[in-house]
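Just below is one structure, and these are the notes that go with it.
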Amino acid sequence: MIQGQLTAFQPDIWQFYRTPLGVPGVWPWNWQGLSYPFWRIYWNEAPGAWITFRDADYALDPEYVVVVAPGTAIDHHVEAAVMHSYLHVSLGYPYDSVGPRIERIPVSELPMQFLDTALAGVDTSPGQRRLDFAHTAAAYTFVGAILCALPSDLWAPPPADPAIRKIVEEISRHPERAYPTACLAERCGISVRTLLRRFHEQVGHSPYQFVLERRLQKACLLLNQTNQSIERIADACGFSDRYHLSKKFKSRFGWGPAKYRRSQSPKGRG
């Protein structure tokens, strides 16, 4: 018997839809420079749409599932009527921090029957926010297969320092809380300078930058999944007010929270 310690993570599929593109009455979908802090998984049933990243075009066609990593700014294009299936997935740190990139996975390497099963739940539950267990399990199985098909060297290990890892886990769970650097250093029993150095070495960002990114990710989720006001979302994510949230949001994504929410309406999702 072979034993080993598993790497703990919990994929969060927080948007899963199938929607028509390129037909009258539907949002144009021709978004420019669209960047989000979560994974986007696309599969189209016919040719007619594509995305552009760093001057390269990636066709969305039936032969490939296209995976867009968090923080990847892409342009959307559609020139024909097509059914567009997509999932938005968060993996948590460090697996949402792989850097901008796009991967195309042949459908021959994926268990597409699980996508079909999950989509059946979407199609039979119009307007509902939650699928049943079987459809949900199928969606997670499909996402798991996609993660296995991505290059293995993509995944960075969690922070090696237990103290840094504990801080990262707490910030990921509760980004809305205040995290003064001096308090974090005191909890770790080290100086502020040592904390900043170790945190940047193992996480790639300063504590402030990491907290801000997690807050913005939470704001994206609340803007997408709830009808809460921007003022309330700002408070729930640890921003001083809606103007503070809007400034940081636009600086990070290129547009404000209100425009982001409109892009995630039933006519503009994906």
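Considering only residues of region 150-171 that are out of contact with any Pro (no Cβ under 8 Å at 6 or more places or on another chain) and surrounded by fewer than 15 Cβ atoms within 10 Å (Cβ to Cβ), which is farthest from Ser97 (Cα to Cα)? Residue satisfying both the conditions and the ranking: Pro162. Taking residues in region 136-153 that are modelled with pLDDT of 95 or more, and partners anywhere that are surrounded by fewer than 15 Cβ atoms within 10 Å (Cβ to Cβ), the pairs with Cβ atoms closer than 7 Å and at least 6 places apart or on different chains are Ala149/Glu109.
Checking each residue in region 172-209 for being modelled with pLDDT of 95 or more, buried (at least 17 other Cβ atoms within 10 Å of the Cβ) and either closer than 21 Å to Gly71 by Cβ or outside the structural domain of Ala236 (by TED's automatic domain parsing) (or both) picks out Pro175, Phe199, Pro207. Considering region 16-93, the qualifying strands (runs of 3 or more DSSP E), each wholly inside and each with 2 or more residues that are under 26 Å from Gln113 (Cβ atoms) and not aliphatic (A, V, I, L, M), run over 39-44, 82-90.
In this structure, Pro28 does satisfy being farther than 30 Å from Asp153 by Cα, surrounded by fewer than 19 Cβ atoms within 10 Å (Cβ to Cβ) and modelled with pLDDT under 90. Quick check, is Ser251 closer than 21 Å to Arg173 by Cα, exposed (fewer than 14 other Cβ atoms within 10 Å of the Cβ) and modelled with pLDDT of 90 or more? Against the criterion (closer than 21 Å to Arg173 by Cα, exposed (fewer than 14 other Cβ atoms within 10 Å of the Cβ) and modelled with pLDDT of 90 or more), Ser251 does not qualify. Scanning region 99-122 for residues that are assigned to a loop (DSSP other than H, G, I, E, B) and either modelled with pLDDT under 90 or over 17 Å from Val65 (Cβ atoms) (or both) yields Gly99, Pro100.
Using the structure shown, decide if Ala118 is in contact with a strand residue (DSSP E or B) (Cβ under 8 Å, 6 or more places away or on another chain) and closer than 26 Å to Ala46 by Cβ. So Ala118 passes the test.
Scanning region 23-39 for residues that are touching a strand residue (DSSP E or B) at 6+ places or on another chain (Cβ under 8 Å) and more than 18 Å from Arg262 (Cα to Cα) yields one hit, Trp39. Taking first residues from region 236-264 that are within 16 Å of Leu34 (Cα to Cα) and partners that are among the charged types (D, E, K, R) and at pLDDT below 95, the Cβ contacts under 7 Å between residues at least 6 apart in sequence or on separate chains come to Gly256/Lys250.
The values are calculated or read from the model by the stated rules, or taken from the named source; none is laboratory data. Only a predicted model underlies this, so the values are computations on that prediction, with no experimental measurement involved. All Cβ positions, glycine included, derive from the backbone under ideal geometry; neighbour counts span all protein chains shown.
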